[in-house]
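Accompanying notes for the structure given below.
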Amino acid sequence: MMDIFASLVIGLLVSCGFYLILDGRLQRVVLGVLLVTHSANLLLMLMGRRPSCAPPILGSGADCYQDPLPQALILTAIVIGMGMAAFVLMLARRLREAGVETTDDAPRVPEDAP
Amino acid sequence: MNVLSLPVALAFAGAALAAALIPFPRFQRWAGLATLLAVGAATAVIACRTADGTMLALHFGNWPAGIAIAFVADRLAAFMLAASAVTMTACYVYALGHPAAKDISPAFTPLYLVMLAGVNGCFLTGDFFNLFVFFEVMLISSYGLLVLRADKAQLRGTLAYVVLNLMASTVLLVSVGLLYGHLGTVNMAFVAERLAALGGTYPPMLEAALMFILGVFAVKAAAFPLCFWLPEAYPRAWAPVSAAMGGLLTKVGVYCLFRSVPLFYPDGGWAQEALLYVAGATMLVGVLGAVAQDSFRRVLSFHIISQVGYMIFGVALFSPLAVAGGIFHIVHNALVKTALFLVGGAVEARFGTGAFKRISGAARTMPLMGAAFLLAALSIAGIPPLSGFYGKLALLLDAFGQGAYVLAGVSLVTGLFTLMSMVKIWDGVFWGPFPKGHAHGKKERGRPGGAMLGAGVAILVVASLAVAAFSGPIFAYAREAAEQILDVSQYVRGVLGDGGAP
């Protein structure tokens, strides 16, 4: 039950994310990118989950433990995602300062600009 | 310290040092150059040790094989490391001599070395999650490098590049997670072993994960239909940056395809058939795009796409001869394509533009650059004595042998169009009278950086001539590398068995 609910939430987040990216306004593109990367982390978490198992602490006397590896992968992915988010935000700011509001605003690469 | 970690560790250490030396640009340049040479030396050692077919494996922290994070080097990885060392060094030398080097942000050297670490990490890593991490290392530095001298159009191209690559990386992350969920490992050798145990038919979710992973590599390689980010992002970046990226970054995606397809589908499977179509479309779309462009580095950017098509053609035919042709083509292309980009950058620095209608007669002021361009252009078009010919010959022989006549025809037509667009550049840029209103080249000759510009191009052109001169032994090496990657059990034994280094 929990899994189905979580999958639906992830699906919703991903579709919202892609909707925002395709919208083209810069802030929305940035938000969309963040939503999609975070829902990927959630998805990883869900895939590594073992229902009704104890936290991965040895000696707590449980029959089975959660697999800690997906959580380690997610931690790495979150750190990378943070770096990317910082870069995309900065890029969006530079584009705004250059007078670009949406991804359709800026000229395509001109052929003969100096 | 094991030599396998050095191409990555040295590059990271050099990047940290270069970042600390930002207040001292002179020392920073020397630190950058020293790092590149040290990485080159480590690469040479790895190449010597793997040349006889030994599989080097390093398990970090002495954990047992399969649990430890692994670095693996075989002939193919060593070959790619060598190509990356030569092209990255040449581009760096060129960057030091570029007229705009003084105005460029001091962050250039650290970012450049981090990109080197990421590229080398992708070649060496032995597990899929670290492949994702090294992709990100390579990409985040490339984002920084792309906006070093950004105008509006470049910023927009970069945004497209960043968003597309972030989405591709996210898909890779999710598929690696799926792979872990099904097989309980992300170690490449273990993955291959457990897939083999499934006996050829995979459950649907696993098949989807493999499909997505290969798809992401195809995006990074700029294969059709996801290739149009490339000509938006590369052509207007700073010349040495766009040369290093044009020469190397797409090849990382291609390398991953060469590595993963045999691991996932030891007998080719659907991937082989799908890649045949992708290869044909990539070749044709890339070269038709190139013919339609009318500025120097834009033509070259579309050419990257069509050349990637040739490489994928190699892995799609999936026989030792064709894969060897593909590997040979990757290395040839890394050298020659980078040289072409560097010449393009030098011409643009001299004339202030890359548009054909505003340049002519460059051969009069830059005769040596013109000669370098001619050699590289004929080589990329596959004219016989030069290095581009041998890879294509092997591909064609094998395509005819396997009866893939349509694709063989497509690749021949692509070669013709390649020659045509190179002639277009030659005609538009180097031939003809010198335009009025430009100071004749006297001022340029006295400039101290000119020799460094020339040296960067010369390294690559000489390397590509050497590849042509020693094409026999080098092709034999590529052939052995191809047999090694196609024989998956050898990879599995090399990593998991007792073949590893202590």
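The values are calculated or read from the model by the stated rules, or taken from the named source; none is laboratory data. Note that the coordinates shown come from a computational prediction; the quantities given were computed from them, not determined experimentally. When we count neighbours, we look across all protein chains shown, and the Cβ atoms used for this are built from the backbone with ideal geometry, even at glycine.
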Note to self: For the stretch B:242-284, give me the residue count where each residue is more than 27 Å from B:Met88 (Cα to Cα) and of a type in the set (S, T, N, Q).
What the structure shows: 1
Next item on the list: Determine the pairs where a residue that is more than 7 Å from chain B (Cβ to nearest Cβ), located within the stretch A:93-114, has a partner that is modelled with pLDDT of 70 or more and assigned to a loop (DSSP other than H, G, I, E, B) with Cβ atoms under 7 Å apart, the partner being 6 or more residues away or on another chain.
Entry: A:Thr102/A:Gly24; A:Asp104/A:Gly24
Checklist line | Of all residues in the stretch B:175-188 being facing chain A (nearest Cβ under 9 Å) and under 26 Å from the mean Cα position of the chain (by Cα), the one that is surrounded by the fewest Cβ atoms within 10 Å (Cβ to Cβ) | finding: B:Val186
Margin query: Quick check on my filter: what residues within the stretch B:218-229 are on the phi < 0 side of the Ramachandran plot, buried (at least 24 other Cβ atoms within 10 Å of the Cβ) and touching a helix residue (DSSP H, G or I) at 6+ places or on another chain (Cβ under 6 Å)?
Written below: B:Lys220, B:Ala221, B:Ala223, B:Cys227
Margin query: I need the full set of residues from the stretch B:1-40 which are within 25 Å of B:Asn62 (Cα to Cα) and not polar (S, T, N, Q), in order please.
Written below: B:Met1, B:Val3, B:Leu4, B:Leu6, B:Pro7, B:Val8, B:Ala9, B:Leu10, B:Ala11, B:Phe12, B:Ala13, B:Val39
Notebook entry, point to check: In the stretch B:360-375, is there at least one residue being in contact with a Ser or Thr (Cβ under 9 Å, 6 or more places away or on another chain), part of a helix (DSSP H, G or I) and among the basic types (Lys, Arg)?
Noted result: no
Margin query: Quick check on this structure: which one of B:Val72, B:Val93 is assigned to a helix (DSSP H, G or I) and at pLDDT 90 or above?
Written below: B:Val93
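If you take the residues of the stretch B:268-307 that are more than 14 Å from chain A (Cβ to nearest Cβ) and polar (S, T, N, Q), which of them is nearest to B:Phe212 (Cα to Cα)? Reasoning before the result, please.
Looking only at the stretch B:268-307, we keep the residues that are more than 14 Å from chain A (Cβ to nearest Cβ), and these are B:268-288, B:291, B:303-307.
Among the residues that remain, those that are also polar (S, T, N, Q) are: B:272, B:282, B:306-307.
Values: B:Gln272: 15, B:Thr282: 19, B:Ser306: 22, B:Gln307: 23 Å.
This residue is B:Gln272.
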Notebook entry, point to check: Any idea which of A:Ala86, A:Ala77 is under 17 Å from B:Phe128 (Cβ atoms), in a helix (DSSP H, G or I) and either facing chain B (nearest Cβ under 9 Å) or under 14 Å from the mean Cα position of the chain (by Cα) (or both)?
Noted result: A:Ala77
Next item on the list: Please identify the pairs in which a residue from the stretch B:479-499 that is touching a residue at least 24 places away in the same chain (Cβ under 8 Å) has its Cβ atom under 7 Å from the Cβ atom of a residue that is of a type in the set (Lys, Arg) and surrounded by 18 or more Cβ atoms within 10 Å (Cβ to Cβ), counting only partners at least 6 apart or on another chain.
Entry: B:Glu480/B:Arg75; B:Ala481/B:Arg75; B:Gln484/B:Arg75; B:Ile485/B:Arg259
Next item on the list: Would you mind stating whether B:Gly456 is modelled with pLDDT of 85 or more, in a helix (DSSP H, G or I) and touching a Cys at 6+ places or on another chain (Cβ under 7 Å)?
Entry: yes
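Scan the stretch B:192-210 for residues that are out of contact with any Phe, Trp or Tyr (no Cβ under 7 Å at 6 or more places or on another chain) and in contact (Cβ under 8 Å) with a residue 12 or more places away in the chain and jot them down. Steps first, please.
Initial filter on the stretch B:192-210 (out of contact with any Phe, Trp or Tyr (no Cβ under 7 Å at 6 or more places or on another chain)): B:193-194, B:196-209.
Scanning the stretch B:192-210 gives B:Glu193, B:Ala196, B:Gly200, B:Pro203, B:Met205, B:Leu206, B:Ala208, B:Ala209.
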Notebook entry, point to check: Among B:Ala150, B:Ala168, B:Ala189, which is the only one that is hydrophobic (A, V, I, L, M, F, W, C), assigned to a helix (DSSP H, G or I) and more than 15 Å from B:Leu263 (Cβ to Cβ)?
Noted result: B:Ala168
Next item on the list: Go over the candidates A:Ser52, A:Ser7, A:Ser60 one by one and state the one that is part of a helix (DSSP H, G or I) and either under 27 Å from B:Val137 (Cα atoms) or more than 12 Å from chain B (Cβ to nearest Cβ) (or both).
Entry: A:Ser7
Notebook entry, point to check: Regarding B:Ala239, is this residue buried (at least 23 other Cβ atoms within 10 Å of the Cβ) and either over 15 Å from B:Tyr161 (Cβ atoms) or of a type in the set (Gly, Ala, Ser) (or both)?
Noted result: yes
Margin query: Please verify whether B:Ala377 is among the small types (Gly, Ala, Ser), closer than 25 Å to B:Met245 by Cα, touching a helix residue (DSSP H, G or I) at 6+ places or on another chain (Cβ under 8 Å) and modelled with pLDDT of 90 or more, treating the condition exactly as stated.
Written below: yes
Next item on the list: Sort through B:Arg364, B:Arg350 and tell me the only one that's under 27 Å from B:Pro240 (Cα atoms), out of contact with any Phe, Trp or Tyr (no Cβ under 7 Å at 6 or more places or on another chain) and basic (Lys, Arg).
Entry: B:Arg350
Note to self: Taking the condition of being facing chain A (nearest Cβ under 10 Å) and not hydrophobic (A, V, I, L, M, F, W, C), how many residues in the stretch B:119-147 meet it?
What the structure shows: 4
Next item on the list: Sort out which residues of the stretch B:148-174 are at the interface with another protein chain (Cβ under 7 Å from one of its Cβ atoms), of a type in the set (Val, Ile, Thr) and touching a residue at least 24 places away in the same chain (Cβ under 8 Å), and write them in order of number.
Entry: B:Thr158, B:Val174
Check: Restricting attention to the stretch B:230-241, and to residues there that are of a type outside the set (A, V, I, L, M) and touching a helix residue (DSSP H, G or I) at 6+ places or on another chain (Cβ under 6 Å), which single residue is nearest to B:Arg297 (Cα to Cα)?
Finding: B:Pro235
Check: Yes or no: B:Arg259 among the charged types (D, E, K, R), within 14 Å of chain A (Cβ to nearest Cβ) and out of contact with any Pro (no Cβ under 6 Å at 6 or more places or on another chain)?
Finding: no
Item checked: Subset of the stretch B:349-379 (residues that are within 14 Å of another protein chain (Cβ to nearest Cβ) and either more than 25 Å from B:Leu465 (Cβ to Cβ) or of a type in the set (Phe, Trp, Tyr) (or both)) -> B:Phe351, B:Gly352, B:Thr353, B:Gly354, B:Ala355, B:Phe356, B:Lys357, B:Arg358, B:Ile359, B:Ser360
Notebook entry, point to check: Looking at (1) within 14 Å of B:Ala481 (Cβ to Cβ); (2) surrounded by 24 or more Cβ atoms within 10 Å (Cβ to Cβ); (3) in contact with an Asp or Glu (Cβ under 9 Å, 6 or more places away or on another chain); (4) not aromatic (Phe, Trp, Tyr), which is the one condition that is false for B:His329?
Noted result: (3)
